Structures are given as structure tokens and as C-alpha cells.
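These notes are about the structure you will find just below.
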Amino acid sequence: MENLSSSLAPAEWITISHVSDVGAARRSGQTLAEQLGMGETRAGQLAIVITEAASNIIKHAGEGRLRVTLAAHGGQRCIEVLALDNGPGIGNLAQSMQDGVSSAGTAGTGLGAMRRQADQLDVYAPSGKGTALLARLWLDPAAAGQPVLYGGVCLPLAGETACGDAWAVAQQHGRLVLLMADGLGHGPEAAKAAAAAVQALMDEPGHAPQRLMEDCHQALRPTRGAAMAIGELDLAARQLRFAGVGNIGASIIDDAARRQLMSHNGIVGHNMRKVNELVFECPTGALVVLASDGITTQWDLAAYPGLATREPALIAGVLLRDHCRGRDDASVLVVKTVENM
């Protein structure tokens, strides 16, 4: 369906620790630009953004990660660049956006160049707490005016190319249907289970969470199964209908207060009991956060002043960077509650 976004879109994570990694990241971006059908000028802008983001990681942090991915929001397509490091952060972000300002003895054109070339740029870099940067280039630059309500990240276990986690969001008629699936184990077989859950949402995006969970239970029977969380966010009613099975972390964050949502024991596709659907208030401005068990449960957005107001994909990236267990696939999906679209 046109208004469905998921982690199954083409994406690549590149570890940035050497100048040669900058070229590898740039080539990944070029490949995605060709897949999206970007023209030569837009592809060149993307190359500048990736080069500057990766180079800044090396200059200021020594190492970090960069993800380049195709994304879709509201039927419009784009390429997102997410750069994460654990370096010194940026003491004065507004000043650093100006050309000629540098803390590393360079020309100081990195953030300024990215701001000029990208349609949207968001940076979270408190002093001493690393830098997270999200840049977005739309296939149609006019799409930059639309609000982006959600964003997520999926990182496979080290040594694996397939991620056993998956997230998806279906957007239609003032409602968002959110799904997070964690296939049992990791690797290709886990990825098949997670992908089957995303396909079930694509097939029946109008189903409520309880019914959709039952759809997924049938769809995942040939697979090894998965832990899953499904939510339906009604933007007009400011309510979240939720159903969860297994150990997917689900929370509503409102004014820094965190309400954790209960899931039932079981494995979708195998030994799932009857699913209960619960309804929660979800006021305008609140965040809904879904995370696989590759993310620790100890994260607290209150420890990140100002982060809750940033782009959802940037929030997800910071949580992944700081709270990934490192021994399983790890995924975070963040959704913002806004007034009815």
C-alpha cells in the first residue's frame, strides 16, 4: 500500500572509523539514489551530505555509525541519512551551523553544507554526550513541508546481514497502525518471521490491533514465530489501542512521564493465547515508543533534555546508540501524536 512505511525498505549501516569508510557510505547513497530515481543534481546533494556526516564522525569522534535508507512518509519518498557517534557533542550548535566555525581545525563547512544540501536537517548533540544527526532528501523537494510523524531504526546483530526485527507503520484516514516484530533468534529465519508480520499489515491495514494480531498469528505459522506489538493511534480521539504478545517494549511518553504498556506471554505463530486489546489516552505531543528486546529497558528520555521534540527517527537513533544490548538484533520505532491530519 502507498502509505505504508517499514524497516524492510532498502537500508545499509556503515561503520565509520577510517577515511575509506566515507567513500563506502557515499557509494551506498549513490546506489539508493539510483533506486529511487533521483536526478544527478539531487544525487550530488546527497553525496555531499553523506561525505560531510561521515567525515565529521572521523574528525570529532574517531568512529561511529552511519545509516542510509529509503523511506516513505505520507505517500512521498525520500532518502534519510542518520549519523551516530559517542564523541564530544557540540557545545554551541547554532554557532557550529555557520560556515568557518570548527572545533577540529578544519574549514568548518560541514554542518553548514549539510543544511544547504538537505531538505531537512536535525541534530542532537549535547556537550559531552555524542552527536546524532538526521538529514532527509525528498524525491520531490516540495514534500519537505509535510510533517513526519514516525521514524525507526533496525540494526542486525553483528555478523548478520539480515535483521530478525522489523517495524512498519500504515497511515490512513487520521489513524496510524504501528507494528514491531521480533522474530525468534536472529538471522534469515528470524527475518522471514518479521517480514511475514509486515506483510500481514500490508494485506489488512484496516484491521484493529487484536484482529491484526490474529492475522499475524496465522501468517507466521510456517515461520519460527515472533514477539509482536501492534498499536492503532487515533489522532482525532487521541487514543492508542494496543495489543502485545512477547517481550516487545511499548511505552507512551507524555511530558517526560513514561507509561509502559503490558504485553502477554506467548509466541505469535505458535503458542499465542487470546489477545486482549487495551485503550490508552495519548495526548497531542506524546510519543509512542516500541522497542525490541535488543534494547535495554532502562532508557529514560528525561535523561536527554530536548530530545523528545526532535525528529522521531533521530530519537530512535539516540536510543539505539545508547541502549543497544549488542547481543541481538535491535530496533526502535518512535511515533509522535499530532492533531488530526
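The values are calculated or read from the model by the stated rules, or taken from the named source; none is laboratory data. Keep in mind that what you see is a predicted model, and the values were worked out from it rather than measured. With ideal geometry, Cβ positions are generated from the backbone for all residues, glycine too; neighbour counts draw on all protein chains shown. Each accessible area value is taken on the protein alone, full model and side chains, heavy atoms only, with ligands, DNA and RNA left out. Shrake-Rupley method; radii C 1.70, N 1.55, O 1.52, S 1.80 Å.
Annotations
- Under 15 Å from LYS129, Cα to Cα: aspartates and glutamates that are on another chain or at least 8 residues apart: GLU63, ASP85, ASP300, ASP322
- What a 1.4 Å probe finds exposed on the stretch 150-337 is 48% carbon and sulfur by accessible area, rounded to a whole percent.
- Accessible surface, the chain, averaged per residue in Å² (probe 1.4 Å): 41 Å²
- Cα centre as origin, Lys/Arg/Asp/Glu Cβ charges: the chain dipole, Debye: 260 debye
- Förster radius 25 Å - calculated FRET efficiency between GLN35 and THR161 (Cβ-Cβ, nearest 0.05): 0.90
- The separation of the stretch 105-168 from the stretch 249-301, counted between C-alpha centres, amounts to 25 Å.
- Longest stretch of the chain clear of exposed loop sites (trypsin sites (Lys or Arg not before Pro), DSSP loop, at most 14 other Cβ atoms within 10 Å, sites excluded): 1-272.
- Prolate/oblate/rounded label for the stretch 150-337 (Cα gyration tensor, a/c 1.5): oblate
- Estimated at 0.36 nm per residue, the fully extended path between ASP203 and ARG221 surpasses their Cα-Cα distance by 4.8 nm.
- Global form of the stretch 232-310, assessed from the alpha-carbon gyration tensor, a/c cut-off 1.5: oblate
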